[in-house]
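For reference, the structure is listed below as structure tokens.
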Amino acid sequence: MSIIAPAILVETLDEYKAMIEKIQPFAKRVHIDISDGEFAPSFLLSEDQLWWPPTWQVDIHCMLARPSEHLATLIALKPSMIIFHTEIQEDRAALINQIKAAGIKAGIALLRPTVPSTVAEIIKLADHVMVFSGELGKYGGTASLMQLEKVRLIKAINPNVEIGWDGGVSIDNAYTLAQGGVTVLNAGSAISKAEDPSAAYVMLTREINKHGVL
């Protein structure tokens, strides 16, 4: 079964608090973006500013050039999962092992140009692989459904891995993404910029769980 995870992508503490208040009534699993201004072009809230309601299952998406420099603080936050990009120039297996040793799930993200076969050994180690179809550090990206082909390729490498999607999730494509094998649909502007975020979340959840008509 697929789930909708509201995404938080903000630059200030005031924006962060406002987003938490906006989605707290309905959110269960939440996707929080952090960025260093190097791997992604924007500076977002840093890991030492993060907090969240204790009932949330939180995935932290690290758009960081050197996750190793941030890992101790991230682990101390005790999120459910830490996701970093395969395109970094660090020892990715060592990062995964360090995250898992702390009792936290380790996820990796693949930018659009990255072909799964080129990072197969890392995919085998990961608990979660996120297909990134958006624009780094920005809401409102386009969901390139051609990227769905990656789901099949990833599953061929690691059949048990959880599949996430980040970028352009909307009411128009949520069902297609879920049917294409995406388990976690991270929804940013579709929820945060909706007139009624709670209603948007309910509609997206209903969409991914509907039964197709033959």
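Here are a few things to note about the model shown:
- The set of residues from the range 68-95 being under 22 Å from R29 (Cα atoms) and either polar (S, T, N, Q) or under 16 Å from the mean Cα position of the chain (by Cα) (or both) comprises T73, L74, P79, S80, M81, I82, I83, F84, H85.
- The residues in the range 23-41 that are surrounded by fewer than 18 Cβ atoms within 10 Å (Cβ to Cβ) and farther than 21 Å from E90 by Cα can be counted, and the count is 5.
- Cβ pairs under 9 Å, 6+ apart, first in the range 50-63 and within 23 Å of I163 (Cα to Cα), second surrounded by 14 or more Cβ atoms within 10 Å (Cβ to Cβ) and of a type in the set (F, W, Y): V58/W52; H61/F84; H61/F132; C62/F39; C62/F84; M63/F39; M63/F84
- A count restricted to the range 80-104 and to residues that are among the polar types (S, T, N, Q), touching a strand residue (DSSP E or B) at 6+ places or on another chain (Cβ under 7 Å) and within 12 Å of I122 (Cβ to Cβ) stands at 1.
- Restricting the range 147-160 to residues that are at pLDDT 95 or above and closer than 20 Å to D59 by Cβ, the residue that is surrounded by the fewest Cβ atoms within 10 Å (Cβ to Cβ): N160
- Count - residues of the range 73-103 that are touching a Ser or Thr at 6+ places or on another chain (Cβ under 7 Å) and either surrounded by fewer than 21 Cβ atoms within 10 Å (Cβ to Cβ) or among the hydroxyl-bearing types (S, T, Y) (or both): 3
- So E121, is it among the acidic types (D, E) and part of a loop (DSSP other than H, G, I, E, B): no
- Within the range 123-146, tally of residues that are modelled with pLDDT of 90 or more and more than 15 Å from the chain's Cα centre (by Cα): 3
- Meets criteria (of a type in the set (K, R), part of a helix (DSSP H, G or I) and modelled with pLDDT of 95 or more) for K100: yes
The values are calculated or read from the model by the stated rules, or taken from the named source; none is laboratory data. Every value quoted in this text rests on a predicted model; they were computed, and no experiment measured them. Every residue, glycine as well, gets a Cβ built from its backbone with ideal geometry; the counts of neighbours run over all protein chains shown.
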